[in-house]
Protein chains: 2
Amino acid sequence: MEFLRGVTPKETVELEELLDASRLGCEVKVNGMVHTVRDMGELSFVVLRKRGGLLQCIFEEGFTQYDAKALREESAVEVTGLLEQDARAPHGIEVRVKEVKVLSVPYDAPPLSIGKWKLGTSLEAKLNYRSASLRNVRERAKFRIQEGIVRGFRDYLYSQQFTEIHTPKIGSKGAEGGSNVFKLEYFHRPAVLAQSPQFYKQMMVGVYDRVFETAPVFRAEKHNTKRHLNEYTSLDFEMGYIDSFEDIMKMETGFLQYTMRLLEREYAQELQILNLTLPKTEEIPMVRFDRAKELVAGKYSRKIRNPYDLEPEEETLIGQYFKEEYDADFVFVTHYPSKKRPFYAMDDPADPRFTLSFDLLFHGLEITTGGQRIHDYRMLLDKLAARGMTEEGMEQYLATFKYGLPPHGGLGIGLERLTMKLCGEENVRETTLFPRDLSRLEP
Amino acid sequence: MEFLRGVTPKETVELEELLDASRLGCEVKVNGMVHTVRDMGELSFVVLRKRGGLLQCIFEEGFTQYDAKALREESAVEVTGLLEQDARAPHGIEVRVKEVKVLSVPYDAPPLSIGKWKLGTSLEAKLNYRSASLRNVRERAKFRIQEGIVRGFRDYLYSQQFTEIHTPKIGSKGAEGGSNVFKLEYFHRPAVLAQSPQFYKQMMVGVYDRVFETAPVFRAEKHNTKRHLNEYTSLDFEMGYIDSFEDIMKMETGFLQYTMRLLEREYAQELQILNLTLPKTEEIPMVRFDRAKELVAGKYSRKIRNPYDLEPEEETLIGQYFKEEYDADFVFVTHYPSKKRPFYAMDDPADPRFTLSFDLLFHGLEITTGGQRIHDYRMLLDKLAARGMTEEGMEQYLATFKYGLPPHGGLGIGLERLTMKLCGEENVRETTLFPRDLSRLEP
C-alpha cells in the first residue's frame with residue numbers, strides 16, 4: 001500500500017530561495033510563466049512571472065538549448081541554468097539558461113499587454129479580460145494587499161479572543177428591511193440573499209461574546225457609482241460587554257494599526273510595486289455627525305441643507321477637513337440620526353433623534369458602518385412597532401433577546417472599498433477580482 | 001478634538017487572567033452570562049459563562065450584596081469579589097462575590113436547559129432554538145473546533161505561498177453543469193448561485209500559481225440525508241506547476257497534519273469538553289478506485305454491481321477496511337471514473353476511462369473531492385464537445401486556457417462534514433451553525 005506523508009521537496013526553486021546568496025553560481029531549476037520576451041539577436045531576455053515576483057532569464061545562442069524566438073509569452077516553462085548576479089535585473093539576479101522544458105503553450109495572444117508595467121487600458125477592458133489583466137504585476141499586487149487586509153482583520157481579532165463564524169447567505173428575510181434584497185426560489189419557497197450577517201452575529205454574541213465573519217454580502221441596490229457593488233466581501237464583527245460604542249471604534253482602530261504593520265512587514269514588495277504610502281492609524285479623530293457638518297459648512301462656506309443627512313460631497317469635505325486640520329487619513333463620524341439607521345441601532349439616551357453609531361471615513365469615503373445595538377427585548381419590540389415594522393420572520397432573531405443578551409455592538413467593513421482607498425484607486429471595481437454591478441454578471 | 005488610539009484596558013478580567021496564580025486572594029471584577037444558579041440556602045453557586053469557559057461564583061448571605069434568588073439564568077452580569085482556589089470548581093478557581101451589577105435581564109426562560117452538560121434534546125429542537133442551544137458549552141465547543149480547522153487551512157496554505165481570493169457567488173452559469181443550481185433574477189437577467197469557485201480559482205492559477213478561498217457554496221440538490229446541506233462552507237485550493245495529482249494530496253495531508261497540531265495546541269479545552277481523540281494524519285494510504293472496490297468486495301463478501309460507481313455503503317466499507325488493515329482514519333481513493341467527474345477533470349493518459357482525481361474519505365465519508373484539471377485549451381474544447389456541452393457562458397473561463405495556464409489541480413473540502421467527523425457526530429447539521437436543507441430556511 002502506498003502512503004502520503006505531506007509535501008515533499010521539489011527540484012524547482014522559488015524566488016525567495018533564489019535570493020539566498022549561497023546559490024549564486026549554482027545550477028538552478030525554476031518554473032514560471034513567460035511574462036515578456038525581448039529578442040536582442042544572439043541574446044534574449046526572457047522574464048518569468050512567478051508568484052513571488054519577476055525573474056530575468058538570459059537565453060544565449062550556443063549556450064541555451066532552446067531558441068527564445070520559439071517561446072511565446074504566457075507559456076508555462078521550467079528552465080535550468082546558472083544563477084548569476086545582475087544589478088539591473090529584478091531582485092538583482094538572473095538565470096543564464098541552459099535547458100528549457102515547455103509545460104504548456106497558449107493558443108492565442110492575450111488581448112492586453114500583460115507584461116507592460118502599467119496596463120494602460122480602460123477599466124472596462126480590464127474587467128472584460130479579467131484572466132489576462134490580473135496577470136499584470138501591478139494588477140495582481142492590489143489583491144495581495146487585499147489579502148493582507150483580511151489576514152490582518154482575522155489575526156487581530158483572534159488575538160482579541162473573537163471566534164470566527166460562518167452564517168448562511170440564503171435566508172427567509174433580509175436583515176436591513178424589505179428592499180434591496182435579491183430574491184430567489186428555495187425549493188418552492190421564497191428566499192433572499194443576505195445583505196449582511198447582522199442578525200446572526202448578534203445571536204452569536206450570546207454564545208461567544210465576540211465573533212467575526214469575513215464573507216460575501218449581497219445588495220440589490222440600483223446604484224451605478226464608483227463605490228457601489230452588488231456583491232462584496234464584508235468584514236464583520238460583533239462584541240459583547242461593551243461599556244460604550246467607543247469600544248467598537250477602539251477595536252477597529254486596533255485592527256487598522258495591526259494591519260498596517262502587517263502590510264509593512266509582509267507585503268513590502270506589493271507596497272513598492274504600487275508605490276503606496278500607508279495611511280496614519282496611530283490616532284483617529286472622532287467627531288459627532290452634527291458637529292462634522294458644521295465644521296465643513298464653516299470652513300468650506302457650504303449651507304447645511306438637511307441636518308439629518310450626509311451627502312457624499314459632505315463626506316468628501318469631512319475627509320478633506322480632517323486631513324488639512326489634523327493630518328488625519330481616517331475619521332470616525334459618530335451619532336448618526338436615528339432615521340438613517342436600522343431599527344436595531346441603539347438610540348442615544350441623551351437625545352434619541354441620534355444613535356450611538358458611527359461611520360469610519362477614509363479620505364472622505366465611508367468604509368465602515370457600526371455602532372451599539374439594542375440588547376433589551378422590550379426596547380427592540382418598541383422600536384419595531386414605532387417604525388411600523390412586522391415581527392414576522394424575525395421570531396428567531398427576537399427570541400435571542402427574549403432569552404437575554406449582553407450590551408453589544410459591532411461593525412461591517414467593505415473590503416473592496418478599503419482596498420480601493422489603500423491602493424489609491426478611484427473605482428471600487430479596480431480592487432474587486434470579479435465585480436458584480438448593475439450591468440456586470442461576468443466573468 | 002477627541003482621538004482614538006486603539007483598545008484600552010478594561011477593569012473586568014477574562015478567564016485566562018483569572019488563572020494567573022498571583023491574583024489569588026485579590027479582588028477581581030468579571031462579567032459573563034448567568035449559566036446556572038444553584039440555591040443552597042445561605043449559599044448559592046452561580047456559574048458564569050464566559051467566552052473562555054465557565055467560572056464559579058459564590059453568593060453568600062451577609063457577604064454578597066445581592067440576593068442570588070433574584071438572579072435569572074441568562075442575565076448578563078458584572079460581579080466584583082475575591083478570587084479564591086477551589087479544586088472542585090471549573091479551572092480550580094471561584095469568585096466570592098461582594099457586588100453584582102446586572103447588565104441585562106432575559107424576559108423569558110429559554111426553551112432548552114442551556115446549563116446542562118449535554119442538552120439531551122432532539123436535533124430538531126436544537127436547530128429550532130438555535131440562539132439558545134448554541135449557548136450550551138458542548139454545543140459551542142464544536143464550532144470552536146470548526147474555527148480551528150479553517151484557521152489551520154488558511155495558515156498552512158499561507159505558509160505554502162498560496163494567495164487568498166474572494167470570488168463572486170452570483171454568476172451567469174454554474175461550474176458543474178446545469179442542474180442543482182439555485183436560480184435568481186439579477187436585475188432582470190437570469191443568474192445562478194455558485195456551486196463552487198472552480199472556474200475562478202483555475203483562472204487565478206494564471207495570476208498567483210497557488211490560490212485558496214474559504215467561502216459559502218450553494219447546491220440545490222434535493223437530497224435529504226445526514227450528510228448533505230444546500231449551503232455549506234467550502235475550503236478550496238488550486239495549485240499550479242504540479243508534477244502529478246499526488247502533489248495535491250500531499251498538500252492536503254500537510255494541511256491535515258498542521259491542523260491537528262493546531263487543534264492540540266490551541267483548542268485543547270474544546271477537545272477535552274467534547275472528549276475527542278484526533279485522527280491519525282502522519283501517513284494517509286492511497287488506493288485506486290477500482291482496487292478499493294475489489295478489496296472491499298473481497299473482505300466483506302460483496303458483489304461489485306457497478307465498476308464505475310461507488311455506493312455510500314462501499315465508501316463506509318473502504319473506511320472500515322483501512323481502519324482495520326492499516327489503522328488509518330483517512331484514505332485517498334484515486335482514479336475515479338471519467339463519467340463521474342466534471343468535464344474539466346484530467347483523464348488518465350494511461351486509461352482515459354479514469355481520471356487523475358481523488359476523494360479523501362474520513363472514516364468512510366467523502367470530505368474532499370479533488371484532482372488534476374485539464375490545462376490545455378484544445379483538450380478542454382474536445383472534452384466539452386465529447387460531452388455534448390455548450391461553450392456558451394464559459395467564454396471567459398475558456399479564454400484563460402487560450403492565453404495559457406500551467407498544469408494544475410486542486411480540491412474542495414466540505415468544512416461542516418470535516419467538523420462532523422472530527423467531532424464524532426452523525427449528522428452534518430450538528431456541526432453547522434445555521435443549516436440550510438430541503439425543509440430548513442430558518443433561523
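Laboratory data are not the source of any read-out in this text; all were calculated from the coordinates shown. What you see is a predicted model; the values in this text were computed from it and never measured. With ideal geometry, Cβ positions are generated from the backbone for all residues, glycine too; neighbour counts draw on all protein chains shown.
May I ask you to list the chymotrypsin sites (Phe, Trp or Tyr not before Pro) in segment B:322-362 that are in a DSSP loop and have at most 14 other Cβ atoms within 10 Å of their Cβ?
Working: sites: B:PHE322, B:TYR326, B:PHE330, B:PHE332, B:PHE343, B:TYR344, B:PHE354, B:PHE358, B:PHE362; in loops: B:PHE343, B:TYR344.
Loop-located and lightly packed - none at all.
Excluding same-chain neighbours fewer than eight residues apart, the aspartates and glutamates reachable from B:LYS183 by a Cα-Cα span under 20 Å are A:GLU185, A:GLU221, A:GLU231, A:ASP437, A:GLU442, B:GLU221, B:GLU231, B:GLU391, B:GLU392, B:ASP437, B:GLU442. Couplings 3J(HN,Hα) for segment A:179-192, derived from phi with the Karplus relation 6.51 cos²θ - 1.76 cosθ + 1.60 (θ = phi - 60°), are 7, 6, 10, 7, 9, 9, 9, 10, 6, 6, 10, x, 9, 9 Hz, where x marks Gly and Pro.
Taking 20 °C and 1.002 mPa s as the conditions, I'd like the Stokes-Einstein D for segment B:290-440 in µm²/s, using the Kirkwood hydrodynamic radius from alpha carbon pairs. Could the numbers behind the result be given before it?
Values: Rh = 17.5 Å.
In µm²/s, the coefficient rounds to 123.
Averaged over its residues, how many other protein chain Cβ atoms are within 10 Å of peptide B:143-150's Cβ atoms?
Working: counts 8, 3, 0, 4, 8, 1, 0, 3.
Counting Cβ atoms of other protein chains within 10 Å of each residue's Cβ and averaging gives 3.
By its C-alpha gyration tensor, with a ≥ b ≥ c as the square roots of the eigenvalues, how is segment B:1-150 shaped: rounded for a/c under 1.5, else prolate for a/b larger than b/c, else oblate? Here segment B:1-150 falls in the oblate category. In a DSSP loop and with at most 14 other Cβ atoms within 10 Å, the trypsin sites (Lys or Arg not before Pro) in segment B:184-278 are B:LYS222, B:LYS226.
Determine the shielding of peptide A:207-219 by partner chains: average, over its residues, the number of Cβ atoms on other chains within 10 angstrom of each Cβ. Working shown, then result.
Working: counts 14, 9, 9, 1, 3, 0, 0, 4, 6, 8, 1, 6, 0.
Shielding by partners across A:207-219 averages 5.
Averaging the Cα positions of each part gives two centres, and for segment A:403-421 and segment B:181-206 these lie 26 Å apart.
With +1 on the Cβ of every Lys and Arg and -1 on the Cβ of every Asp and Glu, and nothing else charged, how large is the dipole of the protein assembly as shown about its Cα centre, in debye rounded to the nearest 20?
For this selection, approximately 1780 debye.
Using the rule -39500 (n - 2.57) for each DSSP H run of four or more residues, divided by the residues of chain B, the 222 nm mean residue ellipticity is -9000 deg cm²/dmol. The angle between the Cα long axis of helix B:312-326 and the longest principal axis of the Cα atoms of chain B comes to about 80 degrees, rounded to the nearest 10. In chain A, the longest principal axis of the Cα atoms and the axis of helix A:377-386 are about 80 degrees apart. Relative contact order for chain B: 13 percent, from Cα pairs under 8 Å spaced at least 6 residues apart, divided by residue count. Here the Kirkwood formula puts the hydrodynamic radius of the protein assembly as shown at 29.3 Å, using every distinct Cα pair.
Peptide B:185-195 has a mean of 4 when you count, residue by residue, the C-beta atoms of other protein chains within 10 Å of its C-beta. For segment B:24-86, the gyration tensor built on C-alpha atoms gives an oblate shape. Its axis ratio a/c (a ≥ b ≥ c) is at least 1.5, and a/b is not larger than b/c. Applying the Karplus relation 6.51 cos²θ - 1.76 cosθ + 1.60 with θ = phi - 60° to segment A:146-159 yields 3J(HN,Hα) values of 4, 4, x, 5, 5, 4, x, 4, 5, 5, 5, 5, 4, 5 Hz, where x marks Gly and Pro. Distances between placed amide hydrogens fall under 5 Å for A:ALA215 paired with A:SER234, A:ASP236, all partners being 5 or more residues away or on another chain.
Across segment A:15-104, Cα pairs under 8 Å and at least six residues apart give a relative contact order of 31 percent. Across all Cα atoms of chain B, the radius of gyration (one decimal) and Dmax (whole number) stand at 26.3, 85 Å.
Between B:PHE354 and B:SER338, B:ASP348, the built amide H atoms are under 5 Å apart, and every one of these is 5 or more places off in sequence or on another chain.
Working ranking of peptides B:389-398, B:367-376, A:100-109 by packing, defined as the average number of other Cβ atoms within 10 Å per residue, highest first, is B:367-376, A:100-109, B:389-398. Annotation: aspartates and glutamates with alpha-carbon distance below 15 angstrom to A:LYS116 (same-chain offsets under eight excluded): A:GLU73, A:GLU74, A:GLU139. Between the C-alpha center of segment A:240-305 and that of segment B:120-153 there is a gap of 35 Å.
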